[in-house]
Amino acid sequence: MAHDSELLCTKFLAPAKVALISLIHVYCSHEIQSRSRISLLKVLLQWIDGKDTCLSLFGLSDFKAQLSDILCVDGSNAYDKLLLKLSYISSMDDLCSLINEIDSDFFKVSSDSGNIAISSTSVVGHFLRRCYVEFKAMEFDERIDLWKAFATFRYNTYNEIAIASLHFPESILSPEVLDSFAMEDVTKMFEFQIEYMQKQGCSLPISMIEILDKILAHSFRTPSSIYYIRFLHSWRCGDYQEAFENLHRYFDYTMHHNDKIFYQYALLNLAILQADFNCFAEAVWAIQETIKTARENKDNICLNFSLSWLYHFQKSHPRECPPPASSDDTTVQFLKVKAKETGMVNLQSVVYLSEAKSMIMSGGNATLIFESIMKSAYMNASINLLESVGAQFLVQATFWSRLGISILGKFYTDGFLDLFQDSSFVEDVVKIACRSAYTLVTCGQYDHALKIIADIESTASRSLRIHQIWVTYKTLILFKRAIRNERMNEVETLSKRLNSMPGVTEDCHLDINVAQIEYYTRSGNTELALTLSAQYLDSAVADDLDLYNQLLVGRPLRGYTLLMRCISIAEKSSLVPAIMEALCMICEIFNAIKNHQQVLAILDATIPYIVECENAELLGKAYYETAKAIIGAGDLLPLVVGEGKEGGAEAKGRIVHAIRYAKLAYAEYEKLEDISRMLDISSMLARLYHVVGDHGDDRDRTAMQYLSLRQMRCDARRFGMLTV
């Protein structure tokens with residue numbers, strides 16, 4: 001579409017559709033090779049009936065790309081025959097004859113074969129009938145404009161037409177420049193743009209905005225869908241007021257032309273918009289009105305979707321919602337029945353996945369959780385619903401990670417990013433990538449995690465809310481790294497930034513709280529750490545939030561009794577990582593009260609499970625407590641602290657065994673860049689090497705390592721700078 005040309009807006013007919021009528025003539029003329037006729041018919045059907053095809057905006061180059069490989073009987077191709085056919089349209093009279101004779105050319109019985117060329121009830125026949133009727137309805141001046149637009153459409157290929165034909169029409173040498181488009185095709189293009197924006201979660205590029213403005217400036221009416229496009233664009237850009245106004249304008253126009261059957265969908269969009277901008281009270285009111293209106297209009301599809309949305313909203317924001325009229329189980333069962341009655345397979349899939357997620361959060365039976373996930377996966381596969389794969393894989397990754405099989409959880413997140421990223425919603429892609437990156441932090445792979453975060457920056461920037469999720473996780477990863485590096489200046493800055501982050505998800509909110517509790521504990525502010533932990537735990541219990549999160553935050557603060565209770569609850573719910581973490585803390589308590597044999601027995605049984613969890617901090621703690629227990633069980637502590645006499649071969653053997661575990665612990669904490677823990681272990685190793693006596697090089701190297709770490713910690717605390 002030329003930037004300096006005039007634009008002609010028609011209701012249906014456009015130059016590209018005139019070219020398509022000529023191409024149908026070529027198809028019916030038996031000039032195409034038999035083996036190529038089906039290929040040509042596929043192209044015709046794709047252009048006529050394709051949902052993502054805006055035919056009136058086609059140029060001849062688009063025809064050439066599809067038709068050059070379709071061969072004719074005489075050795076030429078379908079594009080050459082099309083150019084030859086177009087060259088015969090040398091005047092407006094020829095154009096009128098081409099369309100006026102559609103009935104006799106295609107729909108009448110041939111005297112030779114006794115057959116008709118095109119059935120009037122077929123897709124192609126319906127298109128030809130529509131062209132004929134629309135052309136008859138055009139005024140004379142509109143037909144003149146259509147001819148001018150057709151001459152412009154053909155102008156850039158006059159050299160090819162001259163080659164393909166024996167004569168060269170004068171009418172195409174210097175036509176008046178006039179581009180055109182059909183309103184029906186533009187409306188179809190707008191609908192495709194809406195679908196794309198909803199799926200990709202993106203705003204409109206500037207070039208597309210300019211094209212839309214130019215089209216609308218020359219159209220004889222404004223399609224209501226343009227306001228929905230502007231609503232989505234403003235929403236993605238974070239402009240609440242503009243989004244609100246365009247949403248109202250869209251549904252005002254829609255209701256004016258389609259009565260009031262769309263009112264409930266206006267309210268549904270309003271509820272989602274309000275929730276996205278953290279206006280939770282307004283969102284609850286809008287969704288309740290949606291449910292009432294959908295019931296009045298007997299719109300079961302909208303009603304079921306609204307109930308499902310409200311259920312998820314209540315689970316995510318329990319304080320902002322009124323108490324539900326029924327329990328979660330009753331709501332889920334009701335949605336299952338209604339989804340099955342109305343044949344909404346996609347809603348059935350969402351309900352089964354919601355049931356699985358609810359059971360994971362409440363610590364339900366692992367077998368039932370797996371069954372619900374598989375039912376949801378089956379529903380997605382039965383209708384090829386690729387858009388729901390992201391939510392399904394995220395729940396599966398969480399499920400396997402909480403069973404202590406982290407490798408399977410990583411398999412699902414990596415598999416999604418490799419195979420389904422292009423066909424899924426952008427929000428799912430960003431959430432899974434962020435969770436995958438944050439999981440790597442527990443293994444000490446900070447650089448790899450930050451690389452994953454950096455790779456999706458352009459994707460996350462398509463929407464303000466999605467970008468907030470991305471920024472939060474990036475800041476959280478840097479915060480965890482700074483805590484373990486003891487860069488306190490950076491930690492304080494990042495902590496303030498995390499506290500001011502808007503729109504933080506519940507899972508991310510927990511990770512932030514756990515990281516801040518660790519920060520206050522390491523900085524010696526135990527009272528504040530206890531207060532924050534108690535506040536979050538009380539809030540989680542009151543709001544009935546994730547059981548695993550409750551166990552995670554309540555971990556070491558009330559000692560042995562709380563840990564045993566944590567193990568009991570986690571065992572019933574198969575929350576293996578929580579059990580392992582509680583056992584490591586119990587071992588720390590047992591070492592403190594000199595019950596070393598019990599520690600060795602516990603850790604000997606649990607370390608294989610801890611390895612499967614792929615948590616470097618937990619594994620390092622287990623190895624470190626094992627080393628301390630070996631020293632304590634052999635009564636070697638006086639030797640280590642320099643208060644006893646030199647031991648025999650058996651004592652040295654035990655110390656060498658303890659050194660082996662201390663080295664393993666050091667390797668895990670080195671992955672995490674945890675300077676404080678590395679210092680503690682280096683100090684222990686230096687003393688152990690001194691007692692053994694015959695590892696002089698190792699002792700000196702460990703001593704130098706210890707001094708280097710002390711200097712690093714002093715520098716980090718004194719001069720720690722931001723790495724953002």
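The values are calculated or read from the model by the stated rules, or taken from the named source; none is laboratory data. Note that the structure is a prediction, hence the values are computed from the model and not measured. Positions of Cβ are backbone-derived with ideal geometry, glycine not excepted, and every protein chain shown enters the neighbour counts. We work out accessible area using only protein heavy atoms, side chains counted, and drop any ligands, DNA or RNA first. Shrake-Rupley method; radii C 1.70, N 1.55, O 1.52, S 1.80 Å.
E427 meets each of the listed conditions (1) part of a helix (DSSP H, G or I); (2) open to solvent by less than 20 Å² (accessible area, probe 1.4 Å); (3) under 27 Å from F479 (Cα atoms) apart from (2). Exactly one residue out of A482, A433 is among the hydrophobic types (A, V, I, L, M, F, W, C), within 14 Å of A515 (Cβ to Cβ) and part of a helix (DSSP H, G or I): that is A482. Looking only at residues of region 621-633 that are open to solvent by 20 Å² or more (accessible area, probe 1.4 Å) and farther than 30 Å from A397 by Cβ, we find that the one that is modelled with the lowest pLDDT is A633. Checking L603, L618, L563 one by one, the residue that is in a helix (DSSP H, G or I) and at pLDDT below 85 is L563 and no other. All conditions in (1) open to solvent by 70 Å² or more (accessible area, probe 1.4 Å); (2) at pLDDT below 80; (3) not polar (S, T, N, Q) hold for I38, with the sole exception of (2).
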